[in-house]
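Chemist: Dropping a structure here in structure tokens format, bear with me for questions.
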Amino acid sequence: MRHPPKVVRTRHICAQPSRSLTTRWLYRRAAQKVVTTGEAIRAQILRIGVPASHVVSIPTGIDPQAFAPGSQQEAKQLIERNSAEENAVQSKLVERLIQQQEAVAANPAAIRASVPEQGRLLTFTRSLQMDAFTDLHIGIRATPVAAASGWGRIGVLAGLGLLLAISLRLFRPSGV
């Protein structure tokens with residue numbers, strides 16, 4: 001190609017990008033610019049070797065002073081000035097924002113993990129809370145289930161001994 005297309009890559013997922021060859025090629029070579037949705041994500045992109053001059057951060061937030069909610073009367077006037085089509089588009093945008101907010105709401109049973117070595121499925125009972133500007137580190141602390149008491153162990157051994165004695169008596173060769 002004489003004039004390859006200009007590529008701008010966006011990154012809005014707060015997970016560490018892969019260090020694979022294709023990912024590094026995409027961010028370092030193929031994309032002329034990388035646009036992130038915050039400084040934490042920008043820092044992740046820089047850590048995989050993308051030059052700082054190629055990474056732009058545009059935070060996904062608003063200035064609450066500039067976008068302070070108005071009165072009900074002001075909202076009504078705004079709606080009346082818009083066309084039906086504009087109001088339909090704004091309604092869809094608001095609906096989408098509300099869906100995203102609801103998806104982020106704390107759900108204690110949302111985190112489930114499988115531990116293949118043990119063949120167990122773990123369900124966490126506390127919600128996940130994290131700061132958008134820090135790395136996510138997960139630490140798991142496991143505690144063993146309480147073992148049987150001493151008397152319980154003695155009872156199990158006595159029961160096994162009794163079963164062994166009965167088995168030996170029942171299956172003893174005849175004539176002995």
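Chemist: Looking at the range 64-78, is at least one residue among the aliphatic types (A, V, I, L, M), part of a helix (DSSP H, G or I), at pLDDT below 90 and more than 30 Å from residue 24 (Cβ to Cβ)?
Modeler: Quick first cut of the range 64-78, residues among the aliphatic types (A, V, I, L, M) only: 66, 68, 75, 78.
Now narrow it down to the ones that are part of a helix (DSSP H, G or I): 75, 78.
If we keep only those that are at pLDDT below 90 as well, we get 75, 78.
Retained after the next criterion (residues that are more than 30 Å from residue 24 (Cβ to Cβ)): 75, 78.
Yes, that holds for at least one residue.
Chemist: Follow-up question, since we're still on this one. Loosely packed, with under 14 Cβ neighbours inside 10 Å, in a helix (DSSP H, G or I) and out of contact with any Ser or Thr (no Cβ under 8 Å at 6 or more places or on another chain), is that true of residue 24?
Modeler: No: the conditions fail for residue 24.
Chemist: State yes or no: is residue 50 in a loop (DSSP other than H, G, I, E, B), under 26 Å from the mean Cα position of the chain (by Cα) and either modelled with pLDDT of 90 or more or farther than 30 Å from residue 31 by Cα (or both)?
Modeler: yes
Chemist: So, one more: Note down all Cβ pairs under 7 Å where the first residue falls in the range 1-25 and is in contact (Cβ under 8 Å) with a residue 60 or more places away in the chain and at negative phi, the second is of a type in the set (Gly, Ala, Ser) and surrounded by 11 or more Cβ atoms within 10 Å (Cβ to Cβ), and they're at least six residues apart or on different chains.
Modeler: Once the first residue is in contact (Cβ under 8 Å) with a residue 60 or more places away in the chain and at negative phi and sits in the range 1-25, its partners that are of a type in the set (Gly, Ala, Ser) and surrounded by 11 or more Cβ atoms within 10 Å (Cβ to Cβ) give 14/40; 14/132.
Chemist: If you don't mind, there's one more thing I want to ask. Could you tell me whether any residue of the range 4-20 is loosely packed, with under 11 Cβ neighbours inside 10 Å, under 19 Å from the mean Cα position of the chain (by Cα), in a loop (DSSP other than H, G, I, E, B) and small (Gly, Ala, Ser)?
Modeler: Checked the range 4-20: at least one residue is loosely packed, with under 11 Cβ neighbours inside 10 Å, under 19 Å from the mean Cα position of the chain (by Cα), in a loop (DSSP other than H, G, I, E, B) and small (Gly, Ala, Ser).
The values are calculated or read from the model by the stated rules, or taken from the named source; none is laboratory data. Owing to the predicted nature of the structure, the values given are computational and were not obtained by experimental measurement. So basically every Cβ, Gly included, is an ideal-geometry build from the backbone, and we count neighbours across all protein chains shown.
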